[in-house]
1. Of everything in the range 74-99, what is over 11 Å from the mean Cα position of the chain (by Cα), outside any helix (DSSP H, G or I) and of a type in the set (S, T, N, Q)? Give them in sequence order.
2. Looking at the range 32-47, can you tell me whether even one residue there is over 13 Å from the mean Cα position of the chain (by Cα) and at pLDDT 95 or above?
3. Kindly provide the set of residues from the range 6-19 that are farther than 15 Å from residue 74 by Cα and either without any contact (Cβ under 8 Å) to a residue 12 or more places away in the chain or buried (at least 19 other Cβ atoms within 10 Å of the Cβ) (or both), ordered by number.
4. Just the residues that are touching a strand residue (DSSP E or B) at 6+ places or on another chain (Cβ under 8 Å), among the charged types (D, E, K, R) and surrounded by fewer than 19 Cβ atoms within 10 Å (Cβ to Cβ), please, taken from the range 20-59.
5. List every residue pair whose Cβ atoms sit under 9 Å apart, with the two residues 6 or more apart in sequence or on different chains, where the first one lies in the range 33-45 and is touching a residue at least 60 places away in the same chain (Cβ under 8 Å) and the second, anywhere, is surrounded by fewer than 18 Cβ atoms within 10 Å (Cβ to Cβ) and assigned to a helix (DSSP H, G or I).
6. Which residues, taken from the range 60-81, are within 15 Å of residue 13 (Cβ to Cβ) and surrounded by fewer than 13 Cβ atoms within 10 Å (Cβ to Cβ)?
Amino acid sequence: MPSATTFRLPVVRLVCSTNAEEYTIIEVTGASSGSRVRELIFSKLKIPVDNNHAFFVYPSEIGSFALGAALTDRQLFSLCAEQGDPTGSLKFFVSTYPNSAPNQIDPGYLSERVPPSIARR
């Protein structure tokens with residue numbers, strides 16, 4: 001594979017979830033690094049920038065939490081470059097833990113995604 005400094009991703013769409021139930025399609029076409037792919041994922045999932053350090057990207061499948069260890073930027077970019085496609089074949093789970101939905105680190109994070117009555121439980 002060409003080095004990340006000279007290679008930009010072709011048309012690549014990812015399917016990502018923070019709860020293994022609701023999925024978001026994320027366009028990462030043109031990204032030139034794993035950190036850029038991660039930034040696009042976090043932005044689309046509305047993860048506050050101040051909390052990015054607490055979230056990890058894990059390989060996954062529909063209906064599953066993490067199916068492996070958290071990916072480094074290098075691993076994330078390599079997966080996108082080697083297996084990414086326009087149809088969203090690559091799936092990722094994004095969370096603070098590999099086997100559960102994210103903690104409510106920021107009071108506004110879950111409130112945008114879950115009705116307030118549920119988020120307070």
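1. 87, 89, 96, 99
2. yes
3. Hits for the range 6-19 are 12, 14, 16, 17, 18.
4. Once the filter is applied, which keeps residues that are touching a strand residue (DSSP E or B) at 6+ places or on another chain (Cβ under 8 Å), among the charged types (D, E, K, R) and surrounded by fewer than 19 Cβ atoms within 10 Å (Cβ to Cβ), the range 20-59 yields 27, 44.
5. none
6. 62
The values are calculated or read from the model by the stated rules, or taken from the named source; none is laboratory data. As the structure is a prediction and not an experimental result, all values here were calculated from the model. For neighbour counting, all protein chains shown are included, and Cβ atoms are generated from backbone atoms with ideal geometry for every residue, glycine included.
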